[in-house]
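The values are calculated or read from the model by the stated rules, or taken from the named source; none is laboratory data. Computed from a predicted structure; not experimentally measured. Quick reminder, even Gly has a Cβ in these numbers, built from the backbone with ideal geometry, and neighbours come from all protein chains shown.
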């Protein structure tokens, strides 16, 4: 998938630009020459050479998503939960009360007389 030879070329080019930057008269000149002759061109080159891989990954993810949302022979998508045989699926329907977050709070579901809500 990756073109590893391109990385060797980029490493070699960065090595050459480091040597050029070291031979500059000032520190600022070395940093500027390394940035504009080394980092910027290598970054653009590697970004452009990786576009095919990014496009393939995006197509693969879209295909996986499309495959996971298509129903199987039973008419269920892969995201549907199926309870094991002999067990009921616990789910909330419309109007069903939600279970308490704290198990100690699940006992009283209605306010007592005189209790502030």
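Among the residues of the range 21-44, those that are surrounded by 14 or more Cβ atoms within 10 Å (Cβ to Cβ) and in contact with a helix residue (DSSP H, G or I) (Cβ under 7 Å, 6 or more places away or on another chain) comprise 21, 24, 30, 33, 34, 37, 38, 42. Looking only at residues that are surrounded by 10 or more Cβ atoms within 10 Å (Cβ to Cβ) and modelled with pLDDT under 65 in the range 45-87, which one is farthest from the chain's Cα centre (by Cα)? Checked the range 45-87; the qualifying residue farthest from the chain's Cα centre (by Cα) is 83.
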